[in-house]
1. Between the helical axis of A:171-181 and the dominant principal axis of chain A, each derived from Cα atoms, what acute angle in degrees is found, rounded to the nearest 10?
2. For B:D38, A:D122, what's the fewest-to-most ordering of other Cβ within 10 Å of each Cβ?
3. If contacts are Cα pairs under 8 angstrom and at least 6 residues apart, what is the relative contact order of chain A in percent?
4. Please arrange B:V289, A:V193 by counting, for each residue, the other beta carbons lying within 10 Å of its beta carbon, fewest first.
5. Which net charge results for the neighbourhood of B:I35, defined as the other residues with beta-carbon distances under 14 angstrom from its beta-carbon, given Lys and Arg at +1 and Asp and Glu at -1?
6. Using a Gaussian network for chain A with springs between C-alpha atoms less than 10 Å apart, which of these wobbles most: A:Q57, A:Q263, A:Q113?
7. What is the distance, in nm, between label points placed 7 Å from the Cα along the Cα-to-Cβ direction at A:F172 and at B:N349?
8. Starting from the coordinates of the alpha-carbon atoms of region B:49-95, obtain the Kirkwood hydrodynamic radius over all distinct pairs and give the value in Å to one decimal.
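What follows draws every value from the coordinates through simple rules; no lab data is involved. Everything numeric here is computed off the predicted structure, so don't read it as measured data. Every residue, glycine as well, gets a Cβ built from its backbone with ideal geometry; the counts of neighbours run over all protein chains shown.
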Amino acid sequence: MDMIFSVLDATLRVSTPLVLAALAGLFSERSGVVDLALEGKMLAAAFAAACVAYIAQSPWVGLGAGIAAGMAVAMLHGVVSITYNGNQLISGVAINMMVSGVTPVLALAWFQQGGRTPTLSDEARFTAIDLPFADAIAHSPALKTFFGHNILVYLALLLIFVVSWVVYKSRFGLRLRAVGENPHAADAAGISVKGVRYMAQAIGGALCGVAGAYLVLAQTGAFIQDMTAGKGYLALAALIFGKWRPWSAVLGCLIFAFTDAIQIRLQGVELPLIGSIPDAFIQALPYVLTVVLLAGFMGRAVAPKAIGVPFVKSR
Amino acid sequence: MSQPANMPRWASLWLMPLLNLFAALFVSGLVIALIGEDPVECLKLMINGAFGYPEGIGYTLFYTTSFIFTGLAVAAAFHAGLFNIGGEGQMYLAGLGVTLVCLQFDYLPAYVVIPLAMLAAILFGGAWALVPGYLQAKRGSHIVVTTIMFNFIASSLMTWLLVDKLRMEGSQTPATREFAQNAWVPMLHELFAPLGVELPNTPLNASFFLALMALVLFYLVVWHSPKGFVTRTVGLNEKAARYAGIPVDKVIIAVMCVSGALAGLAAINELLGSTHRMNMGFTNGIGFVGIAVALMGRNHPVGILLSALLFGALTQGGLDLSFEKPAITREMIIFTQGLIILFCGALENLFQTPLSAAFKRMLKNQ
């Protein structure tokens, strides 16, 4: 029993940044802009959050810095993809390389600890929130699984509801989807395509900012070189897995996080019939699942129609 | 990457890439200044490190060799309108093919085992690109996403193989045993020593000539063969190609295989030319540099040669620079590569629009 709860506990913790990044990707891609830059946005945010939280000794200021950095990178992606009609795929790849390169250089120059930032003290991190019934939690692993987390986990949970409401029920959400499916029709209806796409980038950047900040402020306590380690791509995979829908994407994130959580427990464990599974296989599982899904073997994943196509106003 | 009619050919072939390069170097310079170093001094150190002394040149050309292969790989796919980000994984898997051949057959003479290893590199690299190509052609899944996923899958697969299966007995590091000398591609300084030419001791090896041959072959196939014509037709307009009776699906799959095979040949340069064993993560971003090389070289062999040389120089010069200036690590080079990809591949309109406007005005005034 305890093991099940500890796996669920780990799943929640691992899935939080994935969920946030997948929701970020949802805004960008639903607006018609491919977002391979999720990785770079998160990494930049993690770096900014680590630096600022260390100097300010406050997780909230660090979170703010992370959001600002995520939005700044998103704006770069926006300028390239929306204003200059550049190739969105190439822009994403380039941004990821740039951020992955520049962050350790700056970390070394500013903190002289190799490619990382100094470890944050507990005051500068988000720790599990103290609830009035903390004593009850301590004795029940089941309660601990759901109540013993830091505030960002609950924020992410709340954001899933907010995002799915915004995308499907709000005026902005309708415009977002219109712009991603048929920008020329949206334009003819008087919607500013570029405006909506920039807005989507800004929101996505902020969400990636929270995701990146979470990695530092709630998990590692310091910025480490390339610490996102493919989480941005994994979130993108979850988004595709979820067919560009918020709840399904979240489900994808939970599945990927669950495989990650059980991977540690399954190390060297002999399972009946199959024997022990090498953890490399479990690590590769999310990527294999995404390929299989994209190939249409598990129901068709249909992307927003205008995705990847720069919008040039017809005259 | 369309060429606007109102810009002279020389401007779009030479001026644009140079402008983009300077923009990228300028931004890198800003970051170098930000961390308190002198950008001009760093540039001088880098150029000196890459071209200033014989060993430097040798290393520069060694890196250039790998970049030519991965650059050609990306360019081959681009000509068919495909963006192959999977060069890294294809090269990694090709390395597996090379390793398997060498571990089994490196008691055979060099003229048997080296061609065999090259064949394995081509087959394994090609096969790793075949699946994304097939899925793109037949199932409509996006090549970019699939090749990214295949990079991750390759990395997991190779980690498992190197840790659990191929690791040298009694060793803790995830690497194979050293291949026997029969399987080593001869170094250039060894090749030239009997002729009385003394070259510095660097990993530059005969694969360099293979890379040059690949460039020539690439030119001939893409621009002077029916297969190349078909490929470019698919790249320019898939619908028109289909209407003209070209089997688009087959072309896409075949081009991806060629692309993967080219990326795979980079593994020969690295494994049989330099390290003589398979290490974990030996690809070290070479596949991604291929994207920058192809974009900057405008998918043309001459451009690819020049930009591979540029990136070879950046790599070698950057390594030298990081010895002189410990604050500027090799990550600075990754940053610069990213900038070059951004400016050459996605921000071409930044300079193109004002430039073509300027040329238009000039022509009017004449």
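1. 70
2. Numbers: B:D38 13, A:D122 9.
Fewest-to-most Cβ neighbours within 10 Å comes out as A:D122, B:D38.
3. Numbers: 575 pairs, mean separation 106.4, N = 315.
This gives 34 percent for chain A.
4. Numbers: B:V289 31, A:V193 22.
Neighbour counts put them in this order, fewest first: A:V193, B:V289.
5. Details: positive: B:K325; negative: B:E37, B:D38, B:E41, B:E331.
That works out to -3.
6. Fluctuation is largest for A:Q113.
7. About 2.4 nm, to one decimal.
8. Computed over region B:49-95, the radius equals 12.1 Å.
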